[in-house]
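Comments concern the structure below.
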Amino acid sequence: MRVNFTVNGRPQEADDVWEGESLLYVLRERLGLPGSKNACEQGECGSCTVRLDGVPVCSCLVAAGQVEGRDVVTVEGLADYAKQRAEHGGCASGACGTSLDEAQQWQAKGTDSQTGEGTELSPIQQAFIDAGAVQCGFCTPGLLVAADEMLERNPNPTDADIREALSGNLCRCTGYEKIMDAVRLAAARQGEAV
Amino acid sequence: MASPSGTPTKITQGAQTKGGIGESTLRPDGTLKVTGEFAYSSDMWHEDMLWGQILRSTVAHAEIVSIDTAEALATPGVYAVMTYDDLPAEVKNYGLEIQDTPVLAHGKVRHHGEPVAIVAADHPETARRAAAKIKVEYRELPVITDEASALAPDAILVHEGRDDHHIGHVPHPNIVHRQPIVRGDVAEARKRADVIVEGEYTFGMQDQAFLGPESGLAVPEEDGGVHLYIATQWLHSDLRQIAPVLGLPEEKVRMTLAGVGGAFGGREDLSMQIHACLLALRTGKPVKIVYNRFESFFGHVHRHPAKLYYEHGATKDGKLTHMKCRIVLDGGAYASASPAVVGNASSLSVGPYVIDDVDIEAIALYTNNPPCGAMRGFGAVQACFAYEAQMDKLAKKLGMDPVEFRQLNAMEQGTLMPTGQPVDSPAPVAELLRRVKAMPMPPERQWESSEGADVRQLPGGLSNTTHGEGVVRGVGYAVGIKNVGFSEGFDDYSTAKVRMEVVGGEPVATVHTAMAEVGQGGITVHAQIARTELGVQQVTIHPADTQVGSAGSTSASRQTYVTGGAVKNACELVREKVLEIGRRKFGSYHPAWATAELLLESGKVVTDGGEVLADLVDVLEGEAVEVEEEWRHRPTEPFDLRTGQGFGHVQYSFAAHRAVVEVDTELGLVKVIELACAQDVGKALNPLSVIGQIQGGTTQGLGVAVMEEIIVDPKTAKVKNPSFTDYLIPTILDTPTIPVDVLELADDQAPYGLRGIGEAPTLSSTPAVLAAIRNATGLELNRTPVRPEHLTGTA
């Protein structure tokens, strides 16, 4: 079958799709977007998380045919997506987020990231790099999509809020501490920026 | 053929930074990883590529009566089906140490999920369906599942006709390896004991559960060879095992490291490497294989489950008198790393304590359970769980504080290991315990808020099973000792190639090693070392491949030490050559070229007094300097097969944990509130990465304390829970805050004084959590992981 849908703001057409193929497979193998990851392909790990009409879903559990005419955002489009959101008003109250000082208590600011040099990143992507939240990185795309969506809903999350929102995303390397740091940092920066 | 998409590219780092050792420089692959552009092995793609699929045995132990592939071969879209009979070379087995593992089953399967046939097709689903059409007729055999069945008088031999070098000293052919260690006189020392405690402990089978599934792409080459893009822990070890089975010389098997989504020991053994190459060579087309999670549970070895029998004695003033132990590790159907795991379990079975009189035996069995091999902590994890439980039992019996009791018996620099090897670098065991105990305690009843109980912070979480009723807090401590590097006489070297030249008007260093970056941050550290040693800002990390000498395995906490040491050494040699060029070009202008000690700093040649002699750009103008050199740490020696004596380990690593748990005693649910760690790292080359390793290792230890276990049916030896639905690893809700206190006491033997750090935190985490649960519940709890039924008495 043929599936027409929008990925990261661009219309896409996938041909010869089998009925059993997942959205994840179509993204990775037919559209050349392997950023969404295939860690379990059974909806348990969250590494394939994408936004489907704005809602975070495991793309491995979405049949490709279900996305006909719908709107998908993957990690590859996250920077653009966050930029557009910022341009259309992010945090309205101006009082969001933990203070930057508080978020940076872990004192991990590195010095030679490539970031900011040619690659435009969303605040959550930047924070993951800065906080050391990336090791093997296989969980990272899904966590980024999920964390970005949480910060959109809840710009001033408590630690318990962050843990609850990210509880569907497994990470095997970090022990999650630096992921917590990264989300706190992104929230704090988001607050400072307003 | 053209390069596939997703081919690793060089990563050039940082233009305006210092970023030498000791700084928390950020990962050079960070941007690629957060944008989804980093190419993992499962992301590789090639025009016209086929998909490979493996058919695995549905039974654990059986003779293969027949295999019928006709229907699979006739399926449209299928390009090849291969069985044992299609293997092209004389060599049909592989293995890390003992080549006992068939590439495809021959006449017999020895464990559930053993590869029997492989298929290549133009769509992964076509390949799966075709594999399902292969008809295999099995005649089932009795299964060997534990020590009793393995050593029974009429036991079937898992491997007949063994000719490996352990068969001569094992008491039974179903024992892979046996290592006794005897030191002092236990019978005599036992008489001095005022208290004696015994314990029988069980350690469940843990899975590495790396998130990036086993995968890779094999591309046939015009010279009849093959190029494999692969996620592994050691390219050259793979190469040594792959080439003979393909019937190719090693030069015709090119290997490039693709992005690796975690490893933790589970990629030391081969998985789909040979299968992909066989199908690519058979079909003349690129072949990609990607396991799904179900298959991944069958496609790699696990941590050895173990039974551990311990006896300790102590005087009434709290001094340990003696220790006897017997450790039985289940190696499963194939040897994998079992012999080395036995060496570790036995030689580290005493823990970081002073006990002069010991009698130790460790064995690994051949059974029909899933093969077990390397996982973070490698034999030391199981022992630590048991000896730390013993320490608490002794302290309790003596009426002593468990931390003070441990400190009273803690080893220090100069203590002899049970193998007779002196610990000749800092061993701050008592200090780590002091530090971890001194950390502030998390507040009580954190779940209470003005709006009622926040169930997310209680046992049971959002299942809303308690608002604090029946919840009891407990605190537990543990400390462990892990070896660093490959042991027992292994030639554990690494190779580094370092090049220095002027690019775009700037001095640039290129570091090329075959080190597998699996997420640990080795490439970050290599760039830091090059900056420190060569005074450059720009460092390019060349993709890891087999075009450079071996870097050894990314295991045993060894890469920063050994490949880091090789990079440092190669940089030093490059520096000498650069200075020679400088002396030749500019020596006549300044006497310091001949007389002073010279350094490379911030792009310049400077004297140790800080005087600038030349710009590196001028020295290197028109010249490029390149060195490729192997580097070795000090040699070790095998343990004596009867007494276990020998200088077996390179270095030791220590960590201590304090766990705070809250247990819902009515439902048997555990919430770990905090898991604090103190660890000596010698020298933190990258503090941010060091803390990340400690927190990650701690969490894997937490997992096997309260949730992670592969359940194997003892009647059929079949795996019952091969999925993330049924094999649970900690989520962010299960994982507590992990405060880390890092101690840096230099080891003078090691580069920069560093200590391998990746594994030690995985050891003491588990027993600390268990100790805390015992403290909360008063239960004995002699097995891990702990499940609700063990806490409610309904097991």
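The values are calculated or read from the model by the stated rules, or taken from the named source; none is laboratory data. None of these values were measured; they are calculated from a predicted model. Heads up, the Cβs are rebuilt from the backbone with ideal geometry, glycines too, and the neighbour counts pull from every protein chain shown. Areas reflect the complete protein model, heavy atoms only, side chains present, ligands, DNA and RNA absent. Shrake-Rupley method; radii C 1.70, N 1.55, O 1.52, S 1.80 Å.
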request  = Evaluate the following for B:T35: is it more than 25 Å from B:E125 (Cβ to Cβ) and either surrounded by 18 or more Cβ atoms within 10 Å (Cβ to Cβ) or at the interface with chain A (Cβ under 10 Å from one of its Cβ atoms) (or both)?
outcome  = yes
key: Subset of the range A:17-30 [open to solvent by less than 30 Å² (accessible area, probe 1.4 Å) and of a type in the set (A, V, I, L, M, F, W, C)]   = A:V17, A:L23, A:L24, A:V26, A:L27
message = Going by what's in this entry, would B:D747 be described as acidic (D, E), farther than 17 Å from B:S765 by Cα and in contact with a strand residue (DSSP E or B) (Cβ under 7 Å, 6 or more places away or on another chain)?
response = yes
query = Is it the case that the range B:374-387 has a residue that's out of contact with any strand residue (DSSP E or B) (no Cβ under 6 Å at 6 or more places or on another chain), within 14 Å of chain A (Cβ to nearest Cβ) and not in a helix (DSSP H, G or I)?
reply = yes
inquiry  = Go through the range B:120-151 and report how many residues are under 33 Å from the mean Cα position of the chain (by Cα), of a type in the set (A, V, I, L, M, F, W, C) and within 26 Å of B:V65 (Cβ to Cβ).
reply    = 6
query = Is it true that B:S66 is under 25 Å from the mean Cα position of the chain (by Cα), more than 30 Å from B:M500 (Cβ to Cβ) and more than 8 Å from chain A (Cβ to nearest Cβ)?
reply = no
note = Picking from B:P440, B:P507, the residue that is open to solvent by less than 50 Å² (accessible area, probe 1.4 Å) and either within 30 Å of B:M375 (Cα to Cα) or modelled with pLDDT of 95 or more (or both) would be B:P507
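Residue-by-condition table, conditions (1) within 23 Å of the chain's Cα centre (by Cα); (2) among the hydroxyl-bearing types (S, T, Y); (3) more than 12 Å from chain A (Cβ to nearest Cβ):
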site: B:E709; (1), (2), (3): yes, no, yes
site: B:V712; (1), (2), (3): yes, no, yes
site: B:K715; (1), (2), (3): no, no, yes
site: B:T725; (1), (2), (3): no, yes, no
site: B:D741; (1), (2), (3): yes, no, yes
site: B:T766; (1), (2), (3): yes, yes, yes
note = Within the range A:130-146, restricting to residues that are more than 7 Å from every other protein chain (Cβ to nearest Cβ) and under 15 Å from the mean Cα position of the chain (by Cα), the one that is surrounded by the fewest Cβ atoms within 10 Å (Cβ to Cβ) is A:A146
ask   = Which residue, of B:G331, B:G313, is in contact with a Leu (Cβ under 6 Å, 6 or more places away or on another chain), surrounded by 21 or more Cβ atoms within 10 Å (Cβ to Cβ) and at pLDDT 95 or above?
value = B:G331
query = Do we have any residue at all in the range A:93-109 that's surrounded by 24 or more Cβ atoms within 10 Å (Cβ to Cβ), within 25 Å of B:R27 (Cα to Cα) and either facing chain B (nearest Cβ under 7 Å) or modelled with pLDDT of 90 or more (or both)?
reply = no
query = Just one of the numbered conditions (1) open to solvent by 50 Å² or more (accessible area, probe 1.4 Å); (2) away from every other protein chain (no Cβ under 14 Å) is not true of B:K482; which one?
reply = (1)
query = Residues of the range B:111-127 being over 22 Å from B:G284 (Cβ atoms) and either touching a Cys at 6+ places or on another chain (Cβ under 7 Å) or open to solvent by 40 Å² or more (accessible area, probe 1.4 Å) (or both), which ones?
reply = B:E125
remark   = Matching residues in the range A:147-179 (hydrophobic (A, V, I, L, M, F, W, C), buried (at least 22 other Cβ atoms within 10 Å of the Cβ) and assigned to a helix (DSSP H, G or I)) number 4
inquiry  = Looking for something surrounded by fewer than 24 Cβ atoms within 10 Å (Cβ to Cβ) and within 21 Å of the chain's Cα centre (by Cα) - is there at least one such residue anywhere in the range B:341-364?
reply    = no
ask   = Going by the structure shown, is B:E580 open to solvent by 10 Å² or more (accessible area, probe 1.4 Å), without any contact (Cβ under 8 Å) to a residue 24 or more places away in the chain and in a helix (DSSP H, G or I)?
value = yes
